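Notes follow the structure.
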Amino acid sequence: MTSDPRTGPPSFGSEREMLRAFLDYHRATLAMKCEGLTDEELRQRSMPPSTLSLLGLVRHLAEVERAWFRRVFEDKDAPMVWSDEIDFQAAYDASGSTRAEAFAAWEAEVETSRRIERAAESLDQAGYQPRWEEEVSLRMVMLHVLLEYGRHNGHADFLREGVDGTVGA
């Protein structure tokens, strides 16, 4: 990580602008944590028996984006990316994955999520969360996904430090 390409969230703005900016900031943080690493380094696991790795986090967050935007607002039957069932843990095992594969899937899901959010008339737009069998608002989805990134970017901090000693941001 030689530079910080992220755009910081604004200090003022509408609720939607703030949610969008903080979510994009956290998405950029995940990408930054993976910057400059080889596929092998990205697959380096935290500690046995865990399969957690930086590449596993990218794969997992692709699943999160799909489950919370695409499945809630467009296609409740859309299959998950790396499992035939709703198994978020399956994505963590990146032992056979590459940067190209994981990032292509993640970036595609992020773009789908952004498109869905931009098309929504308001944060009160309702979608159906099939796992919960109930309606949820776009506001709730954006907050939930933001919290997922916040938690997992904390993991990414430790994982990156374990790979090459890089800390910060």
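The values are calculated or read from the model by the stated rules, or taken from the named source; none is laboratory data. If you're wondering where the values come from, they're calculated on a predicted model, not measured in any experiment. Reconstructed Cβ throughout: ideal geometry from the backbone, glycine too, with neighbour counts over all protein chains shown. Areas reflect the complete protein model, heavy atoms only, side chains present, ligands, DNA and RNA absent. Shrake-Rupley method; radii C 1.70, N 1.55, O 1.52, S 1.80 Å.
Structure notes:
- Residue in region 53-70 that is in contact (Cβ under 8 Å) with a residue 24 or more places away in the chain, among the polar types (S, T, N, Q) and over 29 Å from residue 126 (Cβ atoms) present: yes
- Of all residues in region 36-75, those satisfying the criterion of being open to solvent by 10 Å² or more (accessible area, probe 1.4 Å), among the acidic types (Asp, Glu) and at pLDDT 95 or above are 39, 40, 41, 74.
- Search result, residues across region 147-163 that are crowded, with 17+ Cβ neighbours inside 10 Å and of a type outside the set (Val, Ile, Thr): 148, 149, 152, 153, 155, 156, 159, 160
- Any hit, region 124-132, residues being of a type in the set (Ser, Thr, Tyr), part of a helix (DSSP H, G or I) and touching an Asp or Glu at 6+ places or on another chain (Cβ under 8 Å): no
- Take the conditions (1) open to solvent by less than 20 Å² (accessible area, probe 1.4 Å); (2) part of a helix (DSSP H, G or I); (3) over 18 Å from residue 21 (Cα atoms); residue 104 misses just one of them, which is (1).
- Just one of the listed residues (94, 78, 90) is under 21 Å from residue 132 (Cα atoms), modelled with pLDDT under 95, open to solvent by less than 70 Å² (accessible area, probe 1.4 Å) and part of a loop (DSSP other than H, G, I, E, B), and it is 78.
- Residue 12 assigned to a loop (DSSP other than H, G, I, E, B), of a type in the set (Phe, Trp, Tyr) and open to solvent by 70 Å² or more (accessible area, probe 1.4 Å): yes
- Considering 50, 46, 3, the condition of being of a type in the set (Gly, Ala, Ser) and farther than 18 Å from residue 166 by Cβ is satisfied by 50 alone.
- Close pairs from region 152-169: first touching a residue at least 12 places away in the same chain (Cβ under 8 Å), partner assigned to a helix (DSSP H, G or I) and open to solvent by 50 Å² or more (accessible area, probe 1.4 Å), Cβ under 6 Å, at least 6 apart: 163/41
- Checked against the criterion of being touching a Phe, Trp or Tyr at 6+ places or on another chain (Cβ under 6 Å), of a type in the set (Val, Ile, Thr) and in a helix (DSSP H, G or I), the candidates 64, 58, 72 yield just one match: 58.
- Restricting attention to region 111-123, the residues that are of a type in the set (Asp, Glu) and either surrounded by fewer than 16 Cβ atoms within 10 Å (Cβ to Cβ) or part of a strand (DSSP E or B) (or both) total 2.
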